[in-house]
Amino acid sequence: MASDEMLKWTRQNFFAMLERVMKRFTSKFGTVELTDERWRHITQFHPEVARYSGRLASVLGEPELIAVSKSDSDVFIFYKSVSRFLDLAVVAKIAKPNFILTAYLRTKTNKHG
């Protein structure tokens, strides 16, 4: 294998490993995937979300609110209450394949509960 071909093959396999699908969830937009790489991002930048990992399916499948991103019309934010004072927000790109970008907790406002 020539070095350019080897580099291309190595790069493709590296990114394929990063994007390995960890879980799939059902939403009103169809199946939404969570990759290992995105879960690492979530737990690194929003470690408080890890304790709510079992609720991701519920947030995507039965959200209390869905908002469209102001910066990308293919990105939707799904919200669902996880406590009296907190909502779990799951941000997903809806663009076949649909996938989770990130997730975070937000303090509830009077408007949303």
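The values are calculated or read from the model by the stated rules, or taken from the named source; none is laboratory data. In this text the structure is predicted, and so the values were computed from the model without any measurement. As a convention, Cβ positions derive from the backbone with ideal geometry for all residues, glycine included, and neighbour counts pool all protein chains shown.
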Subset tally (residues that are out of contact with any helix residue (DSSP H, G or I) (no Cβ under 8 Å at 6 or more places or on another chain) and surrounded by fewer than 19 Cβ atoms within 10 Å (Cβ to Cβ)) for segment 54-82: 17
Looking only at segment 83-94, and only at residues there that are over 15 Å from residue 28 (Cβ atoms) and small (Gly, Ala, Ser), the one that is surrounded by the fewest Cβ atoms within 10 Å (Cβ to Cβ): 83
Candidates 59, 90, filtered to the one that is touching a strand residue (DSSP E or B) at 6+ places or on another chain (Cβ under 7 Å) and assigned to a strand (DSSP E or B): 90
Residue satisfying condition, being among the polar types (S, T, N, Q) and at pLDDT below 95, within set 26, 43, 31, 35: 35
Extreme residue, nearest to residue 27 (Cα to Cα), among residues of segment 62-73 that are assigned to a loop (DSSP other than H, G, I, E, B) and in contact with a strand residue (DSSP E or B) (Cβ under 6 Å, 6 or more places away or on another chain): 63
Whichever residue in segment 95-111 is over 18 Å from residue 26 (Cα atoms) and surrounded by 12 or more Cβ atoms within 10 Å (Cβ to Cβ) and, among such residues, is modelled with the lowest pLDDT: 108
